[in-house]
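Structure first, then comments.
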Protein chains: 2
Amino acid sequence: MSDDNPLSLACPVPAPAGAQILLAHGEGAGLTRRLIRELLLRELDNPYLRLLGDGAVLPPVEGALVVTTDSSVVSPLFFPGGDIGKLAVHSAINDLAVSGAEPLYLTLALILEEGLPLATLQRVVKSVAEAACACRIPIVTGDTKVVARGQADQLYLTTTGVGRLRPGVELGARRIQPGDVILVSGPLADHGLAILAARENLGFEPPPQSDTAPVHELVAELLTTTEVHFLRDPTRGGVSAVLHELVEATGFTMIVDEANLPLSDCTRGVCELLGLDPLHIANEGKVVAVVAANATDRALQALQAHPLGRHAAVIGRVTGDRPPAVLVRSNLGQLRRLEEPRGSPLPRIC
Amino acid sequence: MSDDNPLSLACPVPAPAGAQILLAHGEGAGLTRRLIRELLLRELDNPYLRLLGDGAVLPPVEGALVVTTDSSVVSPLFFPGGDIGKLAVHSAINDLAVSGAEPLYLTLALILEEGLPLATLQRVVKSVAEAACACRIPIVTGDTKVVARGQADQLYLTTTGVGRLRPGVELGARRIQPGDVILVSGPLADHGLAILAARENLGFEPPPQSDTAPVHELVAELLTTTEVHFLRDPTRGGVSAVLHELVEATGFTMIVDEANLPLSDCTRGVCELLGLDPLHIANEGKVVAVVAANATDRALQALQAHPLGRHAAVIGRVTGDRPPAVLVRSNLGQLRRLEEPRGSPLPRIC
C-alpha cells in the first residue's frame, strides 16, 4: 500500500527480546502511553487513532447505523489458518455484514495478562492491523488494561464494529416463512476443528485449517443480487445453533439435508473419526442465508461467484411442521431431530 | 418509569441460589441463549437489544459520529460508591462527553469466569441497567464469553459508546495555548482511594466513596456556556497523567497550584496518612478542562452551576516555560517537577 493510504502500516520494530507486559503498562501513566505509541499505534496507525483522544471523532454516516461487539478469548492464540487478532477483526466485520451493513470502523479493547511477552502482543496486534488493513477498515480508538498473572490467559480482545445499513436491506427472523430455503456459503466446521486439533495436539497431517475470513464482500454480492430474509454467521454452536435460534424465534421447523452439507474431505474424515457432528462446530468465514424459494438460484449463483462462496450449497428448508424443531434428513432419507449438545464440547473457540 | 419507556427495567427474577456460570454458558447453544434471554435481556431490555441480532440497527445519526471503547477490570467488583457495572457505563459515557459528544448508545461485552455465581452476574448486570437507564442511554447489543476457572477474575466488561459530536465543538490538545487555564470539576482522587481502601481493608470509617458518575450533562452545560480547548476525564493515573499527556502533546508546561486542588477532608487525610499524591490517583466522575484565560469565569460558573461541579476550581495554567514539564507550586510557593510514578501503585483501578 502507498504511504498516503491512511491504513498503511508503519514499519514495525521488534519488541526487545524477553520484554513482558507489566502491571504498570495498565496504570495510565508513562508506560501506558509508551505501549500505546510504540507498539499499538505503530501497527494500527491511521488519522483517527493517531489523535489518541478519549474517543474517535468520525465523519457523519449516512443512513441507519449498525453496531456490533464481540470479545475474542480463543485458545490457543495462534492456530492453523489464523489467530486471535484476525478472529477479532473478522468477527466484528462479519457481524456487521450479516446485519446487512457495510463495515466502516472498528474499535479494539485489550485485556492483557501481566507477564505476556511483548513479542506475542506485537504479533497479535500486527495481525489485527493486517486483517483490518486487508478489509480497509481502520481501528479508530482503543483501550488497554492489564490484569495480574492468573487473572487472564495471555490476552483477550474486544472489537466493536460500526457500519452503515445497506439501503433497502431488511433482514430478520421475522421475515422467514415456510417454504423458504436455507443456504450456507461453503464448507462447514473448519474453524472448530482447527482449534480442537491445535489445542489437543491431535496430530492430523496436514492439520485442519480455520476458515476465518471477512465475509462482507461476499454478503454484499448476495444482497445486491437478490432479496434475502435472514443472514447469520454460524460461529459458536455452528449451523445448529443458528437453526435452533430460528426455531425459537419463528416457531417454524428447519429441515437440513445431510447429503447436501458442504464439507471438506479433511473435515469429513476428522468428524467421522472423532464422532463429531459438523453441524455443531464453529465457522468463522461462512454465512447461513435464508431466502424465498424463488430466489434460490440467484442466491446460490451470487454466493458461488465470490471466491469465499465457491462451494455454497442449499442445505435445507423451512416448513410449518409441528412441533417446531431442527430436523436432519440422513443420507438414507430418514428424519431425526437434531438436539443441541448440553455440555461443553469445546470452550474458548472464538 | 412507565411501561412504555424503552429503557424501563423488566422485573428482575432472582437467580437460583448457588447457580453458577458454566463453560457451556459460553458455547453459543441453548444455555447461552437462556442466559441472554433470562438474565441479560431481562435486565437490559430495550427495542434494539430485544431483536438479539448479530448487530443493532439504529436510526441515522446526524452530524459527526464519536465512538469510544473501554474495558473494565476493576477489583473488587463492588466498592463504596459504585461497582464494575456503573463504572463500565460511566467510563463510556464520560469518554464520549469529554470528546464533545452527546452519548446515544452503548454496547456491552462480558467475559465471565467459570464458577461465577449467577447472583453476582445478575447484580452487576442490574447495576449496568440502572446506570444506563439513569442516563437514558440503551445498551443496544452485546456479547458473552466464558473462560475457565483461573482465566479471569470473576468478570470483565467492555463497553463501547456511540455518540453525536455537539455542533460547533472542537476539542483537542492542539487547541491549547500558553496562557490557557486548567480547571477541574470537583474533589480529586476519591475513586482511587475508595478502591485502595476496599481492596486492602484499610478500615477507614466512613470508608472513602468512589466519585463514579456520568459527566455528560455537566460537560454539556460547560460546552454550551463557553468555548473550551480541551477536555479529559482524569481516570487511571489521575490528573497527573492528563497533564503529562498534554506536555507530550503540546510541548508546553503545565503549572498546578497545590493550594487550589479541591480535595475532600477524607481524601486529604487519607493521602497524608498513606503518603499518596492525590494528583496521581484515579477519578471516575470528574473532568479536566483547559480554556482560554478570558473564558475562566464563565467556565467556572458553568461547572459550579451543576450538582457534579459544585466544587469546581481553577487548578493551574499553561505556560511556554522550557523545558516543558508538569510543575506543582507547593502551598509554600515553591515550584517542583511532578514526576509520574514508574511502578504500579494500584492495578485494576477501573
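Structure data summary
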{"read-out": "Residue check for A:Arg232: charged (D, E, K, R), surrounded by 18 or more Cβ atoms within 10 Å (Cβ to Cβ) and touching a Cys at 6+ places or on another chain (Cβ under 7 Å)", "value": "no"}
{"read-out": "The listed residue being of a type in the set (Asp, Glu) and either buried (at least 22 other Cβ atoms within 10 Å of the Cβ) or at the interface with another protein chain (Cβ under 7 Å from one of its Cβ atoms) (or both), out of B:Asp54, B:Asp45", "value": "B:Asp54"}
{"read-out": "Checking B:Leu222 against (1) surrounded by 23 or more Cβ atoms within 10 Å (Cβ to Cβ); (2) within 14 Å of chain A (Cβ to nearest Cβ), the condition it does not meet", "value": "(2)"}
{"read-out": "Cross-chain or 6+ apart pairs with Cβ under 7 Å, segment B:157-185 first and more than 13 Å from chain A (Cβ to nearest Cβ), then buried (at least 23 other Cβ atoms within 10 Å of the Cβ) and of a type in the set (Lys, Arg)", "value": "B:Val184/B:Lys286; B:Ser185/B:Lys286"}
{"read-out": "Out of B:Arg37, B:Arg33, sole residue that is part of a helix (DSSP H, G or I), at pLDDT below 95, within 28 Å of A:Thr107 (Cα to Cα) and more than 7 Å from chain A (Cβ to nearest Cβ)", "value": "B:Arg37"}
{"read-out": "Among (1) in a strand (DSSP E or B); (2) surrounded by fewer than 24 Cβ atoms within 10 Å (Cβ to Cβ), the one test that B:Glu62 misses", "value": "(1)"}
{"read-out": "Residue check, B:Thr235 in contact with a helix residue (DSSP H, G or I) (Cβ under 6 Å, 6 or more places away or on another chain) and part of a loop (DSSP other than H, G, I, E, B)", "value": "no"}
{"read-out": "So A:Val66, is it touching a Leu at 6+ places or on another chain (Cβ under 7 Å), at the interface with chain B (Cβ under 7 Å from one of its Cβ atoms) and within 25 Å of A:Ala101 (Cβ to Cβ)", "value": "yes"}
{"read-out": "Failed criterion for B:Glu217 (all others in (1) part of a loop (DSSP other than H, G, I, E, B); (2) over 25 Å from A:Val146 (Cβ atoms); (3) within 15 Å of the chain's Cα centre (by Cα); (4) among the charged types (D, E, K, R) hold)", "value": "(1)"}
{"read-out": "Residues of segment A:89-113 classified as within 8 Å of chain B (Cβ to nearest Cβ) and outside any helix (DSSP H, G or I), total", "value": "9"}
{"read-out": "Residue ID - surrounded by the fewest Cβ atoms within 10 Å (Cβ to Cβ), chosen from residues in segment B:329-349 that are at pLDDT 95 or above and closer than 26 Å to A:Leu22 by Cβ", "value": "B:Arg337"}
{"read-out": "Count of segment B:286-312 residues which are closer than 14 Å to B:Asp180 by Cα and hydrophobic (A, V, I, L, M, F, W, C)", "value": "9"}
{"read-out": "Residues located in segment B:42-70, provided they are among the aliphatic types (A, V, I, L, M) and in contact (Cβ under 8 Å) with a residue 24 or more places away in the chain", "value": "B:Leu44, B:Leu49, B:Ala56, B:Leu58, B:Val61, B:Ala64, B:Leu65, B:Val66, B:Val67"}
{"read-out": "Residue that is surrounded by the most Cβ atoms within 10 Å (Cβ to Cβ), among those in segment B:239-277 that are closer than 20 Å to B:Ile195 by Cα and in contact with a Gly (Cβ under 7 Å, 6 or more places away or on another chain)", "value": "B:Ala241"}
{"read-out": "Any hit, segment B:3-17, residues being loosely packed, with under 15 Cβ neighbours inside 10 Å and modelled with pLDDT of 85 or more", "value": "no"}
{"read-out": "Members of segment A:291-312 found to be buried (at least 20 other Cβ atoms within 10 Å of the Cβ) and in contact with a helix residue (DSSP H, G or I) (Cβ under 8 Å, 6 or more places away or on another chain), listed by number", "value": "A:Val291, A:Ala299, A:Ala302, A:Leu303, A:Leu308, A:Gly309, A:Ala312"}
{"read-out": "Looking only at segment B:125-137, and only at residues there that are buried (at least 23 other Cβ atoms within 10 Å of the Cβ) and within 25 Å of B:Pro16 (Cβ to Cβ), the one that is nearest to the chain's Cα centre (by Cα)", "value": "B:Val128"}
{"read-out": "B:Pro80 modelled with pLDDT of 95 or more, farther than 30 Å from B:Arg175 by Cα, in contact with a Pro (Cβ under 6 Å, 6 or more places away or on another chain) and away from chain A (no Cβ under 13 Å)", "value": "yes"}
{"read-out": "Subset of segment B:323-346 (residues that are within 14 Å of another protein chain (Cβ to nearest Cβ) and touching a residue at least 60 places away in the same chain (Cβ under 8 Å))", "value": "B:Ala325, B:Val326, B:Leu338, B:Glu340, B:Pro341, B:Pro345, B:Leu346"}
{"read-out": "Which numbered condition B:Val61 fails, given (1) farther than 16 Å from B:Glu114 by Cα; (2) at the interface with chain A (Cβ under 7 Å from one of its Cβ atoms); (3) in contact with a helix residue (DSSP H, G or I) (Cβ under 9 Å, 6 or more places away or on another chain); (4) not small (Gly, Ala, Ser)", "value": "(3)"}
{"read-out": "Residue check, A:Gly150 more than 9 Å from chain B (Cβ to nearest Cβ), of a type outside the set (S, T, N, Q) and either in contact with a Gly (Cβ under 6 Å, 6 or more places away or on another chain) or farther than 16 Å from A:His216 by Cβ (or both)", "value": "no"}
{"read-out": "Index of the failed condition, A:Ala148 passing every other in (1) farther than 28 Å from B:Ser75 by Cα; (2) touching a Pro at 6+ places or on another chain (Cβ under 7 Å); (3) surrounded by fewer than 20 Cβ atoms within 10 Å (Cβ to Cβ)", "value": "(1)"}
{"read-out": "Only listed residue being more than 14 Å from chain A (Cβ to nearest Cβ) and at pLDDT 95 or above, chosen from B:Gly269, B:Gly320", "value": "B:Gly320"}
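The values are calculated or read from the model by the stated rules, or taken from the named source; none is laboratory data. Computed from a prediction, not measured in an experiment: that's the story for all the values here. Note that we place each Cβ from the backbone using ideal geometry, even for glycine, and neighbour counts take in every protein chain shown.
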